[in-house]
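Down below is the structure, laid out as structure tokens.
The values are calculated or read from the model by the stated rules, or taken from the named source; none is laboratory data. From a predicted model like this one, the values you see are computed outputs, not experimental measurements. Backbone-built Cβ (ideal geometry, glycine too); neighbour counts: all protein chains shown.
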């Protein structure tokens, strides 16, 4: 499922085009991760960058992302789009396990969470032994995109040298036999993104053309300024109970790249 650098750029660039927005808006749905604007239980684990409130390296990046989110919030009904708290913004580097699959795993194996942490750490160590990263890993904000249940921003690597470390990290995780034995598998192509909000109640008379226009206008305002860069300097195993809280214990698996 891992693409070449150019294939990734080509695919993700199409996701932020107005024509794509217009097409995808026809199929948006209510997100079951929120009810009446409140997050519901959706537990699991991911490997992510530090959430915005803990990331002093990328303060400017997250400030600009918050501005984009505010522009959407000012123009869209709060019942339609449930905005995520900016302090929870992060980039998911590898989805691991969630919801019913997670609940079943911990029910069947009381040691599941300890074994997951142990094997993610093993993947990180294997990565560090085999991959030499001698410059900062940086990805750039590209534009707004739409998923069936969310609005997000897509990111692209600033160069090929920033793409390969992330691809190799994902391989070290998803090709770890012990993680596969725990039920961890790659289920999606990697599309680097940060979610801004999830769709709430979708009215039957929703003016989808207007919604498409608003998203394109906010996207245009984003493209009119110098696009911020996200420095990926740390990957962490994090647990979540809902889509707004991501936490970890001090001894959980981490991987660090140089930040500057």
Verdict on residue 70 being assigned to a helix (DSSP H, G or I), free of Cβ contacts under 8 Å to residues at least 12 places away in the same chain and touching a strand residue (DSSP E or B) at 6+ places or on another chain (Cβ under 9 Å)
yes
Of the criteria (1) over 30 Å from residue 19 (Cα atoms); (2) over 21 Å from the mean Cα position of the chain (by Cα); (3) buried (at least 17 other Cβ atoms within 10 Å of the Cβ), which one residue 250 fails:
(3)
Where residues in region 42-66 are more than 19 Å from residue 191 (Cβ to Cβ) and out of contact with any helix residue (DSSP H, G or I) (no Cβ under 9 Å at 6 or more places or on another chain), which of them is surrounded by the most Cβ atoms within 10 Å (Cβ to Cβ)?
50
Only listed residue being farther than 22 Å from residue 20 by Cα, surrounded by fewer than 14 Cβ atoms within 10 Å (Cβ to Cβ) and in contact (Cβ under 8 Å) with a residue 12 or more places away in the chain, chosen from 175, 187, 168:
187
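With respect to residue 123, determine if the residue is crowded, with 21+ Cβ neighbours inside 10 Å, touching a strand residue (DSSP E or B) at 6+ places or on another chain (Cβ under 6 Å) and in a helix (DSSP H, G or I).
no
Condition check ((1) without any contact (Cβ under 8 Å) to a residue 12 or more places away in the chain; (2) more than 17 Å from residue 149 (Cα to Cα); (3) surrounded by 14 or more Cβ atoms within 10 Å (Cβ to Cβ)) across all residues:
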position: 194; (1), (2), (3): no, no, yes
position: 199; (1), (2), (3): no, no, yes
position: 207; (1), (2), (3): yes, no, no
position: 210; (1), (2), (3): yes, yes, no
position: 218; (1), (2), (3): no, yes, yes
position: 257; (1), (2), (3): no, yes, yes
Sole miss for residue 109 among (1) closer than 21 Å to residue 149 by Cβ; (2) out of contact with any strand residue (DSSP E or B) (no Cβ under 9 Å at 6 or more places or on another chain); (3) at pLDDT 95 or above is condition (1)
